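One structure below.
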Amino acid sequence: MEFWKWVLVLIALTLFGEIRIGAEQPRQTERISGSAGDVLEDDPVGRLKVFVYELPSKYNKKILQKDPRCLTHMFAAEIFMHRFLLSSPVRTLNPEEADWFYTPVYTTCDLTPNGLPLPFKSPRMMRSAIQLISSNWPYWNRTEGADHFFVVPHDFGACFHYQEEKAIERGILPLLQRATLVQTFGQRNHVCLNEGSITIPPYAPPQKMQAHLIPPDTPRSIFVYFRGLFYDVGNDPEGGYYARGARAAVWENFKDNPLFDISTEHPTTYYEDMQRAVFCLCPLGWAPWSPRLVEAVIFGCIPVIIADDIVLPFADAIPWEEIGLFVDEKDVPNLDTILTSIPPEVILRKQRLLANPSVKQAMLFPQPAQPGDAFHQILNGLARKLPHDPSIYLKPGQTVLNWTAGPVGDLKPW
């Protein structure tokens, strides 16, 4: 019964209200209302000044030269943020007038043959960079990093490990405890997310997605879409630890459900298929976030977020509750009932909001940068933290951070 009900609803959506990426008609989009919409469209220029430390190329450019794959993986925001700031109007060459200080260090650009980042050198690399700036400039020592920000797009941010248990055991690198961390990882009440951190989207190649756009009048004939792992057999053969069992539950409950187009296969039509879908599942994996969230927003597919306590990108500007759908991990077995119970008018409104160009732009790191993009949202987040509280400035001779804290391996020279 539910299946045929949703066949009729899909037909109705196609005939009377289907929203497609790239649609130009004003009636098919909806501005984000209230303060969130204003924040989303803020212009950070003139509201802050950023000093970019000039580090030896071994911390950034030479690392990238060794492995250009770093430019296209989901952690590439650290590279593109550096490039953006070098030519941004918020950059100042006078550190005395800076509101914020940025240290360009590419800690995720150490990849396996399969393209996965190895974070084991990252803590020593970061410590080395901080030792350098604290020895050659006076600004770190004034606040011990409280007016500095770092881009740390690892699975678990500045905890620098891809396994959650090990990340929790490590905690955030002690030297970064006072800094503002710009990171993809976001989960409430987690040791790897400091209060005041700025949560950002992972990198997804804008040009690649643009190349896969399909005609805007193509029907959304897929009800639920997902491509990815359900089990990580190599690291978690039972499936209870990986994704906290949520992905396994999706597969076991809905692999034979005709409303669910789910598979481990990643077809060449992946982007096109997302544009044909009403709902795109965005479950946690080893970490709560993934590029699927970006892809779903860009392609106008309502993201179904299955990751308890997730902190989503730019949550003060993007109304995730209005454009997406949150499903508790424990409720995954009821996913079909939950999704088929949503009224068509609610779906249409979510699609109209997703069609808003400002929402899409905020999720991207385009080259060159464009107003309202993720670069500018990061700057907006930094600007909203100003002015700094006078208490961040230390008295002469005062120290707060412990330079010898952390695992012994992190203290070795890089």
Subset of segment 166-219 [part of a loop (DSSP other than H, G, I, E, B) and among the acidic types (D, E)]: E195, D217
Which condition breaks for E321 when tested against (1) within 23 Å of the chain's Cα centre (by Cα); (2) open to solvent by 30 Å² or more (accessible area, probe 1.4 Å); (3) in contact (Cβ under 8 Å) with a residue 60 or more places away in the chain; (4) more than 27 Å from A167 (Cα to Cα)? (3)
Yes/no for F299 being on the phi < 0 side of the Ramachandran plot and more than 22 Å from the chain's Cα centre (by Cα): no
Working only within segment 258-284, note down all residues that are in a loop (DSSP other than H, G, I, E, B) and touching a strand residue (DSSP E or B) at 6+ places or on another chain (Cβ under 8 Å). L259, T264, E265, H266, P267, R276, L284
Return yes when S197 is hydroxyl-bearing (S, T, Y) and more than 30 Å from W403 (Cα to Cα) and no when it is not. no
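Would you mind stating whether P258 is open to solvent by 70 Å² or more (accessible area, probe 1.4 Å) and over 25 Å from the mean Cα position of the chain (by Cα)? Full working, then the answer.
On the way: open to solvent by 70 Å² or more (accessible area, probe 1.4 Å): yes; over 25 Å from the mean Cα position of the chain (by Cα): yes.
Yes; evaluated as a whole, the condition is true for this residue.
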When residues of segment 324-349 are limited to those that are β-branched (V, I, T) and part of a helix (DSSP H, G or I), the one surrounded by the most Cβ atoms within 10 Å (Cβ to Cβ): V332
Some residue of segment 174-184 being open to solvent by 10 Å² or more (accessible area, probe 1.4 Å), out of contact with any His (no Cβ under 9 Å at 6 or more places or on another chain) and without any contact (Cβ under 8 Å) to a residue 12 or more places away in the chain: no
Meets criteria (closer than 21 Å to Q275 by Cβ, surrounded by fewer than 23 Cβ atoms within 10 Å (Cβ to Cβ) and in contact (Cβ under 8 Å) with a residue 60 or more places away in the chain) for E295: yes
Identify all residues within segment 118-164 that are within 21 Å of S391 (Cα to Cα) and of a type in the set (V, I, T); write none if there are none. T143
Could you list, in sequence order, all residues of segment 285-302 that are more than 15 Å from K208 (Cβ to Cβ), part of a loop (DSSP other than H, G, I, E, B) and among the hydrophobic types (A, V, I, L, M, F, W, C)? W286, A287, W289, C301
Failed item in (1) crowded, with 18+ Cβ neighbours inside 10 Å; (2) in contact with a Lys or Arg (Cβ under 9 Å, 6 or more places away or on another chain), with P215 passing the rest: (1)
Which count do you get for residues in segment 373-399 that are within 30 Å of F120 (Cβ to Cβ), of a type in the set (V, I, T) and at pLDDT 95 or above? 1
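The values are calculated or read from the model by the stated rules, or taken from the named source; none is laboratory data. This one's a predicted model, so the numbers in the text were calculated from it and none came from an experiment. Every residue, glycine among them, receives a Cβ derived from its backbone with ideal geometry; neighbour counts consider all protein chains shown. Ligands, DNA and RNA are excluded from the accessible area calculation, which covers all protein heavy atoms including side chains. Shrake-Rupley method; radii C 1.70, N 1.55, O 1.52, S 1.80 Å.
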